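The values are calculated or read from the model by the stated rules, or taken from the named source; none is laboratory data. This structure is a prediction, so every number in the text was calculated from the model and none was measured. We place every Cβ from the backbone using ideal geometry, glycine too, and count neighbours over all the protein chains shown.
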Amino acid sequence: MPSPPTFGYHAAMRARLQALQTRPYLVALLLAIVAQALFAFHLDRPSRIMFDEVHYVPAANALLALEGPRNIEHPLVGKELIGASIVLFGDNPYGWRAFTTLAGTATVVGAFAFLWLLFGSMRAALVGAALTALNQSVFVQARTAMLDVFLGAFLLWAIVVMLWAMKGTPGQVRRRWLGAAVLLGLAVGTKWAAIPYVALACVAFVILRVRDARRAGKPFAAALSGKDQPHWPGLATIPGLLLLGLVSILVYFATFLPAFFYERDPLTLAGLIPLQREMYALQTQVLAKHTYQSDWWSWPLMLRPIWYFYEWDAGAQRGVLLIGNPVIMWGGLVAVLACLWAWLRDKAARPLAPALLWIASLAIYVVIPKSLGFYYYYHLSAIFLCLAAAAALHHFDRGRGKGREEWFVFASLLMFGYFYPILAASALPDAQGFRHWMWFPGWQ
C-alpha cells in the first residue's frame, strides 16, 4: 500500500516555514495584511462619533478648512492625519478612522520589527506581533479617531529605527539615526506624552556608550567618540545627541505649518513659543472629576476600563469598551518580572529592554503634572507589555520549542474572541447585554 501523504505534507510545510524565517520582510507584509483586515472589518461600527472623537474629528475638519485654532491643548499631527483620512475617504466613519487603522497595523509590524532586531528570532517576533494585535487596546484605539494610536506607532517605530541604526556603515547609521529623530519629532507633534521618550532615548544612548567603553577597558573619553564603536559606529556621542534633539525639535515645530494659514487668529513665528506656554497651561490645568478617571497604579490591574460607546446604533444595541486582554495584561506583568529575573540571574540585557520600557512608560505618569488620568494613557505600556511577554517566553524557552508561546497566544486569541462583541460594536441582544462581560463592578 502507498504511504499516506501526511508526512510529505508536513515536511513541505516545515520547508515553507523555514523559508519564511529567512524572509522577515515578507512575513512583515503578511502580518500587515492580516492586521489591517482585522482592524478595518466593519469600521463603520458604530456609525456615529464616539468618546473623544467628539474633540478630534471636528478639530480635524476645522484644520482642513483652516478655520482657526481648535483643540489647542494638543499639537497638530494626529489631527492632520485624521484630516488627511477624511480627505481621502470622506467625512464619515471610514474617513474618521481609516488612518488610525493604518497606525494600528504599523504598531503590530513595529512590534515584529523590534523583536526581530532585538533577538533575531522569527518565533519571538511573531509572538510579540500577535500579542500586540490581540491586546485589545491596540484594536480599540486603531478603530477610534483619537491621538494615542498615532503616538504609539511613531514612538515604537522610533525605537525600532534606533535599534536598526546600532549596526551598519557610518552612513547608514547616520541616516537611520536621522530617521529616528524625525519619528520622535512626529510623536511629540502628536501628543506631548512623547517628550519623556526623547529624553529616555538620549539617556539610553549615553548609557550604552559608557557600558561599551567599560567593557572594552577604554577610558571614559572613548565613550564620546564615534570610532571603533560596537554600536552606532561612526556616530560620535555629542553630535548624536544634538542631532536627535535638534531634528526632533525642528520636526515638531514644522508640524505647526498649517496654523500659519488660519483664517482666524493665524499663527506667527513670534506666537509659536507663547502657544507652547498656552498648551502647557491647558495640559496642566485642574479638571473636574470624570466618571472614567483612574490612577496610574490601577491601569496594570485594569480596575477602570472605559466605555467609548454604548447606545442604540444601526438597528441594534452596541458598545465599545476599552479594556485590555486579561491574559496579556495580567500575564504580561509576570513576564516583566521574568525579564527582570533573566537580567539578575543570567545577566541577559535583551529581555531587560522591553521590561524597562514598560516600567518607564508607567513611571512617566507618576511624574507628569496631570490632574486626571484615564485608562487609555496605558496604551503605550500595553504595547511594551506584549514585547516583554514575547521576550520572556523567548529567553526561558531557549530554543527548546516547548510550545509555551503557542499556548499563550492561543489563550490570548480565545480571550480576544470572548470580548470581541464589546470591542467591535457588534449587535448585543438588549440594553443589558453588556453584563455578560462585567467581571467586576468597576468595569461597568
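Taking the residues in region 49-69 that are crowded, with 16+ Cβ neighbours inside 10 Å and assigned to a loop (DSSP other than H, G, I, E, B) as candidates, determine which candidate is nearest to the chain's Cα centre (by Cα). Checking each candidate, the answer is 52.
Here residue 193 meets the list (1) over 30 Å from residue 277 (Cα atoms); (2) touching a Phe, Trp or Tyr at 6+ places or on another chain (Cβ under 8 Å) almost entirely, failing just condition (1).
The residues listed here are 156, 186, 163; of these, the one that is of a type in the set (A, V, I, L, M, F, W, C) and in contact with a Gly (Cβ under 7 Å, 6 or more places away or on another chain) is 156. Being surrounded by fewer than 16 Cβ atoms within 10 Å (Cβ to Cβ), within 22 Å of residue 208 (Cβ to Cβ) and either among the hydrophobic types (A, V, I, L, M, F, W, C) or free of Cβ contacts under 8 Å to residues at least 40 places away in the same chain (or both), is that true of even one residue in region 361-384? Checking region 361-384: at least one residue is surrounded by fewer than 16 Cβ atoms within 10 Å (Cβ to Cβ), within 22 Å of residue 208 (Cβ to Cβ) and either among the hydrophobic types (A, V, I, L, M, F, W, C) or free of Cβ contacts under 8 Å to residues at least 40 places away in the same chain (or both). In region 380-417, the qualifying residues are those that are over 23 Å from the mean Cα position of the chain (by Cα) and aromatic (Phe, Trp, Tyr), and the one that is modelled with the lowest pLDDT is 396. Restricting region 247-278 to residues that are among the aromatic types (Phe, Trp, Tyr) and part of a loop (DSSP other than H, G, I, E, B) leaves a set whose member that is nearest to residue 370 (Cα to Cα) is 256. Scoring residue 120 on the criteria (1) in contact with a helix residue (DSSP H, G or I) (Cβ under 8 Å, 6 or more places away or on another chain); (2) under 28 Å from residue 331 (Cα atoms) leaves a single failure, condition (1). Name the residues in region 279-300 that are surrounded by 14 or more Cβ atoms within 10 Å (Cβ to Cβ) and either part of a helix (DSSP H, G or I) or at pLDDT 95 or above (or both), would you? Passing the criteria: 279, 283, 296, 298, 299, 300. Scan region 42-83 residue by residue and report those that are under 15 Å from residue 99 (Cα atoms) and among the polar types (S, T, N, Q). Scanning region 42-83 gives a single hit, 61. Here region 20-48 is the region considered, the condition is being in a helix (DSSP H, G or I) and of a type outside the set (A, V, I, L, M, F, W, C), and the residue that is farthest from residue 112 (Cα to Cα) is 36. Somewhere in region 125-136, is a residue surrounded by fewer than 24 Cβ atoms within 10 Å (Cβ to Cβ) and closer than 27 Å to residue 232 by Cβ? No, region 125-136 contains no residue that is surrounded by fewer than 24 Cβ atoms within 10 Å (Cβ to Cβ) and closer than 27 Å to residue 232 by Cβ.
If you go through region 242-251 one residue at a time, do you hit one that is modelled with pLDDT of 95 or more, within 20 Å of residue 149 (Cα to Cα) and over 19 Å from the mean Cα position of the chain (by Cα)? There is at least one residue in region 242-251 that is modelled with pLDDT of 95 or more, within 20 Å of residue 149 (Cα to Cα) and over 19 Å from the mean Cα position of the chain (by Cα). Restricting attention to region 329-388, the residues that are among the small types (Gly, Ala, Ser), assigned to a helix (DSSP H, G or I) and touching a Phe, Trp or Tyr at 6+ places or on another chain (Cβ under 6 Å) total 3.
Screening 166, 162, 146 for residues that are in a loop (DSSP other than H, G, I, E, B), aliphatic (A, V, I, L, M), modelled with pLDDT of 95 or more and farther than 18 Å from residue 81 by Cα leaves exactly one candidate, 166. Among residues of region 408-433 that are farther than 16 Å from residue 444 by Cβ and outside any loop (DSSP other than H, G, I, E, B), those with a Cβ under 8 angstrom from a residue that is at pLDDT 95 or above and of a type in the set (Ser, Thr, Tyr), sequence gap 6+ or separate chain, pair up as 420/426.
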